[in-house]
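The values are calculated or read from the model by the stated rules, or taken from the named source; none is laboratory data. Just so it is clear, the model here is predicted, and its values are computed rather than measured. For neighbour counting, all protein chains shown are included, and Cβ atoms are generated from backbone atoms with ideal geometry for every residue, glycine included. For accessibility, only protein heavy atoms count, side chains too; no ligands or nucleic acids. Shrake-Rupley method; radii C 1.70, N 1.55, O 1.52, S 1.80 Å.
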Amino acid sequence: MEELLSEWIPLLAKPIWTIIKIMAIVFPLMIAVAYLTYFERKVIGFMQGRIGPNRVGYFGLLQPIADGIKLMFKEIIHPTKSDNFLFLLAPILTIAPAFAAWAVIPFDVGLVLADINAGLLYVLAMTSVAVYGVIIAGWASNSKYAFLGGLRSAAQIVSYEIAMGFSLVGVLMCANSLNLGEIVMGQVGGLSQWYLWPLFPLFIIFFISAVAETNRAPFDVAEGESEIVGGFHVEYSGMAFAIFFLAEYANMILVSMLTALLFLGGWLSPVNFIPDGTPWLLLKVALLLFLFLWFRATFPRYRYDQIMRLGWKIFIPITIIWIVFVGFMMQTPYQDMFH
Amino acid sequence: MLKKIKHYIKSLILYELLVGLSLTGRYFFSRKITIQYPEERTPQSPRFRGLLALRRYPNGEERCIACKLCEAVCPALAITIESEQREDNTRRTTQYDIDLTKCIFCGFCEESCPVDAIVTTRIFEYHGEKKEDLIYTKEMLLKVGDTNEKQIALDRAEEEKYR
């Protein structure tokens, strides 16, 4: 027996240690998602002259927990003519990639679950898979509103993924690497060295595309409460709906994290006299998330054809022009600006 | 031409969007106007039309003389009145029911009443657990009037000069 144990413990140690590390990422993430919903209601309330949730716990701090408990006790309704398997697969397919993408996100030098050399490609692949959840949800519900929502989401995400991918090409040209940690380390040297400056148009386009990719206002046509009564998640209730909700907010945090890592120097401090560290990363992510909420409180929803026009006729040309410009500048004496 | 270029530049630097963001950004720090209802309340007008009540004269005699004007004017047909002659040969109601599930709080009954018997009060926080709870009988209406007579009389005095 003891021999068996001594043989197995070293073998099991690594997977268990990995699972512990995964937990260390996923649990804080879940809490962050829960409190992002609270934060969103507060921020939007404040911008509308209201005070937002303030009844459950001090300052309404227990509100997300109350919401979660309510959703857990609600029934998951299956529409009669829906496809049961796909209907339940869809929420799983949206949330799994939203969490899986976190595997390659570095929080500090070397503080990363899987330090793979094509991390950025992996993140892009994962966020693209999440779209299938939305499409399948729209299809499996067998409802015209859900179907329209799924279609809209598919077309929108295909359009904006290209602009997003092109703006990442700029970052790759500057950093010469697909590893997120190395991309951040390419920005060492204070505020002026962040890729934000040489790639400013790409930064703006990346962030706007990120808002579109996560189906957030003003690009939330896939939900479109006032047009298609909730879009792809019309037919979902209870925990199945909650999972879509979680995935949306987890994706928001993910793309904010990506923006912070790629353009805002990740965990690097903007000034030399304060040391680098994870708090900087979290601060940057929090600021970007605040922007998400600010946008939602400010802008009305885009009309569908305007979204397509913005994606195809404005963002893609601008990104291509800027990539060519960056490539050109790299051949001139000013290449240090674009390292 | 110049206008067109100006427009292009303006949309490229997201001018309008930034203006919008600055507006909501300012509102973020503005004073919040939420009134936290059970603890804070908005001021009520003396003309507030809430729960209905039947009034009495100061000597305890009920005001209603069963003229049935309110029953006739009620657009929602919420009032039901039966009347009889009392021993002292005055006409009084034997039944005065208001179905609050039908009542639309228009206040016509109050306006039509020649003796200020049926009045609207400032009470708006009442409830019934069954539908029957919301059919107010004469006794219930008189009780509402008795308990709130002070406020009702004050509001009537306030409004007297405009009538």
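Could you please let me know if A:ILE136 is within 20 Å of A:ALA250 (Cβ to Cβ) and either touching a residue at least 40 places away in the same chain (Cβ under 8 Å) or open to solvent by less than 50 Å² (accessible area, probe 1.4 Å) (or both)? Taking the combined requirement at face value, the residue satisfies it. For segment B:121-152: of the residues being closer than 19 Å to B:TYR57 by Cβ and hydroxyl-bearing (Ser, Thr, Tyr), which is surrounded by the most Cβ atoms within 10 Å (Cβ to Cβ)? Per the criteria, the residue is B:THR121. Filter segment B:89-104 down to the residues that are surrounded by 15 or more Cβ atoms within 10 Å (Cβ to Cβ) and in a loop (DSSP other than H, G, I, E, B) and list them by number. Hits for segment B:89-104 are B:LEU100, B:CYS103. Among the residues making up segment B:124-145, a single one is in contact with a strand residue (DSSP E or B) (Cβ under 8 Å, 6 or more places away or on another chain) and in a loop (DSSP other than H, G, I, E, B): B:THR137.
To keep it simple, each residue is scored yes or no on (1) out of contact with any Pro (no Cβ under 7 Å at 6 or more places or on another chain); (2) over 30 Å from A:GLN331 (Cα atoms); (3) buried (at least 20 other Cβ atoms within 10 Å of the Cβ).
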site	(1), (2), (3)
A:GLY150	yes, yes, yes
A:GLY170	yes, no, yes
A:LEU180	no, no, yes
A:LEU191	no, no, no
A:TRP194	yes, no, yes
A:PHE200	yes, no, no
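Of all residues in segment B:36-56, those that are assigned to a loop (DSSP other than H, G, I, E, B) have Cβ atoms under 8 Å from Cβ atoms of residues that are modelled with pLDDT under 90 and loosely packed, with under 11 Cβ neighbours inside 10 Å, 6 or more apart or on another chain, in B:ARG41/B:ILE35; B:THR42/B:ILE35. Taking segment B:35-48 as the range and being within 13 Å of another protein chain (Cβ to nearest Cβ) and of a type in the set (Phe, Trp, Tyr) as the test, only B:TYR37 passes. Residues in segment A:30-51 that are more than 16 Å from A:TRP294 (Cβ to Cβ) and either in a loop (DSSP other than H, G, I, E, B) or within 13 Å of chain B (Cβ to nearest Cβ) (or both): 1 in all. Close Cβ contacts (under 6 Å, 6 or more residues apart or on different chains) running from residues in segment A:52-65 that are more than 13 Å from chain B (Cβ to nearest Cβ) to residues that are open to solvent by less than 30 Å² (accessible area, probe 1.4 Å) and not in a helix (DSSP H, G or I) comprise A:GLN63/A:PRO53. Kindly indicate whether any position in segment A:212-223 is within 29 Å of A:LEU113 (Cα to Cα) and either at pLDDT 85 or above or in a helix (DSSP H, G or I) (or both). Checked against the condition, which is being within 29 Å of A:LEU113 (Cα to Cα) and either at pLDDT 85 or above or in a helix (DSSP H, G or I) (or both), segment A:212-223 yields at least one hit. Of all the listed residues (B:GLU84, B:GLU158, B:GLU132), the sole one being under 20 Å from the mean Cα position of the chain (by Cα) and of a type in the set (Asp, Glu) is B:GLU158.
Against the numbered list (1) open to solvent by 10 Å² or more (accessible area, probe 1.4 Å); (2) of a type outside the set (D, E, K, R); (3) out of contact with any Gly (no Cβ under 8 Å at 6 or more places or on another chain), A:SER256 comes up short only at (1).
Filtered by the rule that a residue be open to solvent by 50 Å² or more (accessible area, probe 1.4 Å) and over 15 Å from the mean Cα position of the chain (by Cα), segment B:42-58 gives B:ARG56, B:TYR57, B:PRO58. Only one entry of A:ILE162, A:ILE157, A:ILE205 meets the criterion of being surrounded by 23 or more Cβ atoms within 10 Å (Cβ to Cβ), closer than 27 Å to A:TYR132 by Cβ and at pLDDT 85 or above, and that entry is A:ILE205. For segment A:265-316, the candidate set comprises residues that are of a type in the set (Gly, Ala, Ser), in a helix (DSSP H, G or I) and more than 14 Å from chain B (Cβ to nearest Cβ); within that set, the residue that is most open to solvent (accessible area, probe 1.4 Å) is A:ALA286. If the condition is being assigned to a loop (DSSP other than H, G, I, E, B), open to solvent by 80 Å² or more (accessible area, probe 1.4 Å) and within 14 Å of chain A (Cβ to nearest Cβ), then segment B:1-34 contributes B:ILE13, B:PHE29, B:ARG31, B:ILE33. The residue that is nearest to A:ALA114 (Cα to Cα), counting only those in segment A:56-102 that are of a type outside the set (Phe, Trp, Tyr), assigned to a helix (DSSP H, G or I) and open to solvent by 70 Å² or more (accessible area, probe 1.4 Å), is A:ILE92.
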